[in-house]
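One structure is given here, and the rest of the page talks about it.
The values are calculated or read from the model by the stated rules, or taken from the named source; none is laboratory data. Remember, it's a predicted structure, so these values are computed and weren't measured experimentally. Cβ atoms come from the backbone with ideal geometry, glycine included; neighbour counts cover every protein chain shown. Heavy atoms of the whole protein, side chains included, go into the accessibility calculation; ligands, DNA and RNA do not. Shrake-Rupley method; radii C 1.70, N 1.55, O 1.52, S 1.80 Å.
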Amino acid sequence: PSFNSDKYVGRLLDNQSLAELVHKGNDLVTEIKSLDSDMQMLVYENYNKFISATDTIRAMKQKVEGMDEQMNQLAANMETIIESNRSISSHVSGRRGQLEKLNGVRKLLVKLQFLFELPAKLQQCVDAGQHGKAVQYYAAATSILKHYGHLASFQSIHDEAVDIMATLKVKLTEMLAADHTSLDTLSEVVRLL
């Protein structure tokens, strides 16, 4: 319910004497002055807060406006990057098949080079006493040599490798039969045989 000033004044006039009405009027004036003074005090106390809030809002507005420009620039930069990526991708995709073929050829050439150098590597390892490495090289090449052994160039590599490994086997068997061979060496020889 809202305050009805006409009813309030009518009730005061009906129920109170002139002296009471003057006293009530003076009380109201005092109360109004007190409220006015309180309002001025609140405004004074919060004036700096109001000014600071206004400055903060103004600064935020400027930063947001600056951010709009930065975001637009960022979006333009991203679009440029996306276009460049599409261009590079389309350019590379045409050559991807060629690159894959070339990579396959390169891997094949590395394997062929390993096979063609195999007899020399095996002999070096045997001469240097690196028997484990010789066995490792031979094991890596055995399946390929057996598969392509029907070709003349691979047959000669296969034959040389088999001869070198037969010599190594004889050497390892002699080491196994020798009395002065250490336990570590015997263990290694057994593993390689």
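Compute the Rg/Rh shape ratio of the range 41-115: radius of gyration over Kirkwood radius, all on alpha-carbon atoms. We get a ratio of 1.65 for the range 41-115. Springs join every pair of Cα atoms under 10 Å in this Gaussian network model of the chain, and among Val110, Val43, Val64 the largest mean-square fluctuation is at Val43. The eigenvalues of the Cα gyration tensor, multiplied by 5 and square-rooted, give the range 57-193 an equivalent ellipsoid with semi-axes of 64, 25, 9 Å from largest to smallest. Dividing the summed helix terms, -39500 (n - 2.57) for each DSSP H run of n ≥ 4, by the number of residues in the chain produces a 222 nm estimate of -33000 deg cm²/dmol to the nearest 500.
Counting only aspartates and glutamates at least 8 places from Lys24 when in the same chain, those with an alpha carbon closer than 17 Å to its own are Asp6, Asp14. For the residue pairs Lys107/Lys133; Lys133/Lys171; Lys146/Lys171; Lys111/Lys146; Lys121/Lys171; Lys121/Lys169, the alpha carbons lie more than 19 Å apart in Lys107/Lys133; Lys146/Lys171.
Sorted largest first by accessible area at a 1.4 angstrom probe radius, with every protein chain in place, the residues Phe114, Phe154, Phe50 fall in the order Phe50, Phe114, Phe154. Modelled spin labels at Gln124 and Ile32, positioned 7 Å past Cα toward Cβ, are 11.3 nm from each other.
Applying a length cut-off of 18 Å (Cα extent along the axis) and a mean Kyte-Doolittle floor of -0.5 to the DSSP H helices of the chain leaves 18-128, 131-147, 152-177. One decimal place: the segment Lys101-Thr173 gains 21.3 nm when fully extended, by the rule 0.36 nm per residue minus the C-alpha distance. Each of Leu18, Tyr8, Gln130 was scored by the projection of its Cα onto the charge dipole of the chain, and the greatest displacement toward the positive side belongs to Gln130; charges sit on the C-beta of Lys, Arg, Asp and Glu.
In terms of packing, defined here as the mean over residues of other Cβ atoms within 10 angstrom, the peptides 121-128, 72-79 line up highest first as 121-128, 72-79. Hydrodynamic estimate: the Kirkwood radius of the range 1-71 over Cα pairs, inserted into Stokes-Einstein at 10 °C and 1.306 mPa s, corresponds to D of 94 µm²/s.
Placing a pseudo-label 7 Å from each Cα along the Cα-to-Cβ vector at Asp163 and Lys61 gives an inter-label distance of 9.6 nm. Computed over protein heavy atoms with a 1.4 Å probe, the accessible surface of the chain works out to 81 Å² per residue.
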